[in-house]
Amino acid sequence: MVILMVLAMLLILIIFGFTLSDSAGALHQLEDRVRQREQNYQVARSAVELAMDLLKVDEIDVDSSRDAWALGSQRLRWEGRDLYLEIRDEESRFPISQLPVPGKEEPDRVVYAQALERLLNKTGLPGTQALASLQDWTDLDDDVRSNGAEQGSYPNLTVKNGPLDNIDELERLRNWGPPQVPPPPPLDPSSTRLDEFKSMFQSSTSKNGSANWGDFLSAYAQGKVNANTAPQEVLACLDEAMSDSVVTELIAYRSRNVLHNQEDLKKIPGIDNDLAFRLNKVMGFASQVFRVRVIVTSREIPLELEAMLERKSQREIVVRYWRAR
């Protein structure tokens, strides 16, 4: 009997020892992963600081594809890690913040609403309904506008009744879906889209080669669309007279010259004085807000860091958004 008890105790001690060994190994692996992720984060943060430096040395009066920040997606080797860096100006996208505000008479904002409806139609959505749903989602009241959607249309959600925090919110809205057009090409034709590298994130729902609303819309852009950097779809929506041929001429012109003002617009075939005057209300030539995305991978522990930077001056850059995952 005593021998059996001793053997049982020895068996328990052996099992306990193996358990401790396994726990110690798992803890060591966890510590290693946390350390690697922290190192990746520091590398990504350094890349964002590099982007800030590029924006500080850039002239702020005009922004175009010729600027140092507009190099497209760049693959770098940094401290033994593969790193992908992309800087994009938000003024190259349509500014959702400029849509009309109920109760305020601002004729220029009506022009933005008309432009967004055209853009939504061109990208495969029912423009009138999608625009109304967006305006109901962001306005401060609970009144349902024609073709819109307020709280009664979202039994499992609370209507925002405020500005969008992120363009991803559009996925929740009634009458919205993904854009039915290809993504726009990089501003620099020799570069690639950063989304091509996002397959390393198993949680990513985006497919390579497919567009998302961040390719055309911005929740952070301050105002006018930058004529030097906006994609074809955004340029085409800004006025009814912006035909495919006119947009093609504009893109061809800016590939050879930097657009500085309304007078430069008049040099483009198809843009007369009247059209240039109308475009000047919604089209600018410089950018203020920039999105920086960094992907770092090391030992199969990827990290993505996204920052939204507002350049108030060449010396002052404010972080408006910062997310690591």
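A few remarks follow.
- All of (1) in a helix (DSSP H, G or I); (2) at pLDDT below 95; (3) crowded, with 18+ Cβ neighbours inside 10 Å hold for ALA211 with one exception: (1).
- VAL110 being of a type in the set (A, V, I, L, M), within 24 Å of ALA236 (Cα to Cα), more than 18 Å from the chain's Cα centre (by Cα) and assigned by the TED database to the domain that holds ALA241: yes
- Some residue of segment 250-261 being under 23 Å from TRP69 (Cβ atoms), among the β-branched types (Val, Ile, Thr) and out of contact with any Lys or Arg (no Cβ under 6 Å at 6 or more places or on another chain): yes
- Here GLY148, GLY162 are screened, and the one residue that is touching a residue at least 12 places away in the same chain (Cβ under 8 Å), under 23 Å from the mean Cα position of the chain (by Cα), assigned by the TED database to the domain that holds LEU235 and more than 19 Å from ARG278 (Cα to Cα) is GLY162.
- Only residues that are touching a Ser or Thr at 6+ places or on another chain (Cβ under 6 Å) and either of a type in the set (A, V, I, L, M) or assigned to a helix (DSSP H, G or I) (or both) were counted across segment 225-241, and they come to 1.
- Test: residue in segment 269-289 that is within 16 Å of VAL48 (Cα to Cα) and not in a loop (DSSP other than H, G, I, E, B): yes
- Residues being within 15 Å of the chain's Cα centre (by Cα) and either surrounded by fewer than 23 Cβ atoms within 10 Å (Cβ to Cβ) or assigned to a strand (DSSP E or B) (or both) - total across segment 78-94: 6
The values are calculated or read from the model by the stated rules, or taken from the named source; none is laboratory data. As the structure is a computational prediction, the values presented were derived from the model and not from experiment. A quick note on method: Cβ atoms are made from the backbone with ideal geometry, for glycine too, and the neighbour counts reach across all protein chains shown.
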